[in-house]
Amino acid sequence: MKVGCIGLGDIAQKAYLPVLATLPGVELHLQTRTAATLDRVADTLHLPAAQRHRDLDSLLAAGLDAAFVHAPTSVHAEIVGRLLEAGVPTYVDKPLAYEYADSERLVELAEKRAVSLAVGFNRRLAPSYAQCVEHPRDLIVLQKNRVGLPEDPRTLVLDDFIHVVDTLRFLLPGEVDHVDVRARIRDGLMHHVVLQLSGDGFTAIGMMNRMNGSTEEILEVSGQDTKRQVLNLSDVVDHKGQPTLRRRGDWVPVARQRGIEQAVLVFLDAVRDGRLLSARDALLTHELCERVVREALAQAS
């Protein structure tokens, strides 16, 4: 199976390539416009010249069976569109695009061409989060914070807060009948954003503070006099009387802990089996993110 990796930034090098490079039966092809980066990464993986590509035309000419897109979000729409037009099953690191109209167009193109399109919402497959689906979830609180990093609202929401939005959607125990957005934007930069989703018997709150005291991700799900807390996708604390702590095993790879290894395997297994993957549900997350951006900007005006 010939698998392309487009974009060789941190997420590709730290998370995806360590998984892809070790899979049996995978012939890995790399593509980036930066020659020095291409050669450095390809040399590390001992890839021959035929598996190194400076442009998308060269990569497509290799006859790909599947592709992973980790290029900057600003070029996702163009790259993913070309891959889908060429009939290449495509996995794109979130988001599909900055603008909802572009994301919708890509999902519709994939459906029209009957080509698999998957979006990298890896937290759905992270063991510590996936296990929370079995826990009572009357109240869900997820916060993902960073230090000294206010950002353009659309960039912050679509590149980062989208993980919070999608994880809340994944964990919701029922249909949402109320959505509330609150944000702080100063001088065009978003400092924090809060999303509340509620329905019959449950409330889910997602928060991101870019002016926080530390970089952290904390999930809490509670109900029926129990609470489960997940710290940085790793340590799990169950509260029912006395708290009990379960730590990530010393030899568990970070990519498996964060659900990235599982996401890669699910996608490639579907390609091998000829099963069509749809990004229609992922589009609902993009639609909700668009609402967050729109309402946050309206509050700031």
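The values are calculated or read from the model by the stated rules, or taken from the named source; none is laboratory data. Remember, predicted model here, so these are calculated numbers, not experimental data. Counting neighbours? That spans all protein chains shown, and the Cβs are built from the backbone with ideal geometry, glycine included.
Here are some notes:
- Cβ-Cβ under 7 Å pairs, at least 6 apart or on other chains, the range 16-29 side at pLDDT 95 or above, far side among the aromatic types (F, W, Y) and outside any helix (DSSP H, G or I): Y16/F68
- Filter pass, K240 being within 27 Å of P173 (Cβ to Cβ) and surrounded by fewer than 17 Cβ atoms within 10 Å (Cβ to Cβ): yes
- Yes/no for D166 being within 14 Å of the chain's Cα centre (by Cα), surrounded by fewer than 21 Cβ atoms within 10 Å (Cβ to Cβ) and not in a loop (DSSP other than H, G, I, E, B): no
- None of A126, A130, A204, A118 is farther than 24 Å from L231 by Cα and aliphatic (A, V, I, L, M) except A118.
- Matching entry among V194, V179, V147, V157 (being out of contact with any Ser or Thr (no Cβ under 7 Å at 6 or more places or on another chain), of a type in the set (A, V, I, L, M, F, W, C) and outside any strand (DSSP E or B)): V157
- Inside the range 75-131, residues that are in contact with a Gly (Cβ under 8 Å, 6 or more places away or on another chain), part of a helix (DSSP H, G or I), farther than 21 Å from E290 by Cβ and touching a residue at least 40 places away in the same chain (Cβ under 8 Å) make up a count of 5.
- Of all residues making up the range 1-44, the number that are of a type in the set (G, A, S) and either touching a Ser or Thr at 6+ places or on another chain (Cβ under 7 Å) or over 21 Å from T73 (Cα atoms) (or both): 5
- Options V92, V41, V88: the member that is in the same structural domain as K14 (by TED's automatic domain parsing), at pLDDT 95 or above, more than 14 Å from G9 (Cα to Cα) and touching a strand residue (DSSP E or B) at 6+ places or on another chain (Cβ under 7 Å): V88
- Residue in the range 251-272 that is at pLDDT below 95, assigned to a helix (DSSP H, G or I) and among the aliphatic types (A, V, I, L, M) present: yes
- When the residues of the range 266-280 are filtered to those that are on the phi < 0 side of the Ramachandran plot and without any contact (Cβ under 8 Å) to a residue 60 or more places away in the chain, the one that is farthest from the chain's Cα centre (by Cα) is D273.
- Residue check, V293 outside any loop (DSSP other than H, G, I, E, B), in contact with a helix residue (DSSP H, G or I) (Cβ under 6 Å, 6 or more places away or on another chain) and either loosely packed, with under 14 Cβ neighbours inside 10 Å or not assigned by TED's automatic domain parsing to the domain that holds P153 (or both): no
- Residue satisfying condition, being over 21 Å from S301 (Cβ atoms) and modelled with pLDDT of 95 or more, within set R186, R182, R228, R210: R228
- Residues of the range 74-99 satisfying the condition of being polar (S, T, N, Q), closer than 19 Å to S58 by Cα and surrounded by fewer than 20 Cβ atoms within 10 Å (Cβ to Cβ): none
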